[in-house]
Amino acid sequence: KIINYIHLFKYLFFKLKKNKIKIVHIRSYLPGFYILPLKLFFKFNIIFDIRGFLPEEKIDRLNISHFNYKYMILKVIEKLLFSFSDEIVTLTTQSKNIIKSNYTKSLNNITVIPTCVDTGKFKPVKNINKKLTFGYIGNVYGAYNFYPILNFLKKIIEIDKNVFLDIYTNQNKELINKSFLKNEILEKNYNISSVSRDDLVNIIPYFDFGIFNLKINYSIKASFPTKIAEYLSCGIPIICNNFNEDIENFISNNNIGYILDFEKEIKDIRELYLNLNKLRKNEVIKKDCRSFCINHLSIEKACIEYEKIYKNYL
């Protein structure tokens, strides 16, 4: 790793010297480990795209200690990056406020750009499933707590035995199967497959709802999963827990889905089922999801925001 550091430092040094670069845009924390020392030799602006609170993600998702050397190194890098970056880009307004409170950065130097999607690729299709179908994309553990969703599914199946959960993940299929067996959910009510990201454009549009449940912790306040934009771009409403202020604000103020606490007993489950079954046939909510995505979570929208940032330093 030391040899790699030396090679990369030399490469960046001569690249900066030769090209007179004015802006260095880094994605996440680790590139800062190489870029910050170069500020001693060159004059350039740093745009720090944090992507999330990486040190706390190590604790919340990998269960490492606050005294772990990796965590402590990341916290040092974080403090330096927040201090020396000219612009910070973050995924959520909640994380923007946390950075402002803890690192006294000007709000004018912090821009919120959520994880966006290519709305030209992820598009709605005309489809009405014969049975209520929930779609689940991605990890079931790590940042996510998949298992409370099974309790929700079991309650819905008690009302309608044909309800279906379609899962696409590259994680341990055998382990997931055991969790369904433990919850006495039959194989006819679910499917587990693994696919490439490119295949998602042909899968997501055929869900009735996109469903997921994130662990509540400090780092999740800065997270905004890609699947949110992908679901909405396809006109698919989302059902998720209240994992941070941004998702609560988006769903509460727009006709794009439901906030559910999967960890608790859901009251009026029959009424919820009837609403979901009615909603999945409603073309209005599909259009609302798509419109919200185009206006707030499209690549075009993100490009406009990034262009504004770049122009400030050119």
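The values are calculated or read from the model by the stated rules, or taken from the named source; none is laboratory data. Owing to the predicted nature of the structure, the values given are computational and were not obtained by experimental measurement. Methodologically, a virtual Cβ is constructed for each residue, glycine included, from the backbone with ideal geometry; neighbour enumeration extends over all protein chains shown. For accessibility, only protein heavy atoms count, side chains too; no ligands or nucleic acids. Shrake-Rupley method; radii C 1.70, N 1.55, O 1.52, S 1.80 Å.
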Within the set of pairs 6+ apart or on separate chains, which have a first residue in segment 111-125 that is without any contact (Cβ under 8 Å) to a residue 40 or more places away in the chain and farther than 18 Å from Pro237 by Cβ, a second that is among the hydroxyl-bearing types (Ser, Thr, Tyr) and in a loop (DSSP other than H, G, I, E, B), and C-beta atoms under 8 Å apart? Val112/Thr92
Those residues of segment 153-176 which are part of a loop (DSSP other than H, G, I, E, B), open to solvent by 70 Å² or more (accessible area, probe 1.4 Å) and under 19 Å from Ile137 (Cα atoms), in sequence order: Asn170, Asn172
I'm trying to understand the selection: among the residues of segment 210-226, which are surrounded by fewer than 20 Cβ atoms within 10 Å (Cβ to Cβ) and closer than 23 Å to Lys286 by Cβ? Thr226
Filter result for the condition that a residue is modelled with pLDDT of 95 or more and either open to solvent by 40 Å² or more (accessible area, probe 1.4 Å) or hydrophobic (A, V, I, L, M, F, W, C) (or both), over Leu279, Leu232: Leu232
Just one of (1) open to solvent by 20 Å² or more (accessible area, probe 1.4 Å); (2) in contact (Cβ under 8 Å) with a residue 60 or more places away in the chain; (3) farther than 30 Å from Val24 by Cα; (4) within 23 Å of the chain's Cα centre (by Cα) trips up Lys287, so point out which. (2)
Scan segment 204-218 for residues that are under 13 Å from Tyr136 (Cβ atoms) and among the polar types (S, T, N, Q) and jot them down. Asn213
Checked Ile251, Ile228, Ile239, Ile247 against criteria (part of a helix (DSSP H, G or I), touching a residue at least 24 places away in the same chain (Cβ under 8 Å), under 25 Å from Thr90 (Cα atoms) and of a type outside the set (Gly, Ala, Ser)); the one match is Ile228
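Looking at Ile26, Ile73, which one is open to solvent by less than 40 Å² (accessible area, probe 1.4 Å) and out of contact with any Lys or Arg (no Cβ under 9 Å at 6 or more places or on another chain)? Spell out how you get there, then give the answer.
On the way: Ile73 fails: open to solvent by less than 40 Å² (accessible area, probe 1.4 Å).
Just a single option satisfies the conditions, and that option is Ile26.
Looking only at segment 290-304, which residues are open to solvent by 40 Å² or more (accessible area, probe 1.4 Å) and of a type outside the set (A, V, I, L, M)?
So the first thing to find is which residues in segment 290-304 are open to solvent by 40 Å² or more (accessible area, probe 1.4 Å), and the list is 290-291, 294-296, 299-301, 303-304.
Arg290, Ser291, Asn295, His296, Glu300, Lys301, Cys303, listed by residue number.
So, of the residues in segment 259-292 that are among the aliphatic types (A, V, I, L, M) and outside any loop (DSSP other than H, G, I, E, B), which turns out to be nearest to Pro114 (Cα to Cα)?
Keep residues of segment 259-292 that are among the aliphatic types (A, V, I, L, M), which gives 259-260, 266, 269, 272, 274, 276, 279, 284-285.
Those still in the list that are outside any loop (DSSP other than H, G, I, E, B) too: 259, 269, 272, 274, 276, 279, 284-285.
Numbers: Ile259: 19, Ile269: 32, Leu272: 29, Leu274: 32, Leu276: 27, Leu279: 26, Val284: 24, Ile285: 21 Å.
That would be Ile259.
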Among the residues of segment 81-102, the number that are over 24 Å from the mean Cα position of the chain (by Cα) and surrounded by 15 or more Cβ atoms within 10 Å (Cβ to Cβ) is 1
Report, by residue number, each residue of segment 202-240 that is touching a strand residue (DSSP E or B) at 6+ places or on another chain (Cβ under 6 Å) and not hydrophobic (A, V, I, L, M, F, W, C). Asp208, Gly210, Lys227, Glu230, Tyr231, Ser233, Pro237
I need the full set of residues from segment 109-131 which are under 24 Å from the mean Cα position of the chain (by Cα) and open to solvent by 80 Å² or more (accessible area, probe 1.4 Å), in order please. Lys121, Lys123
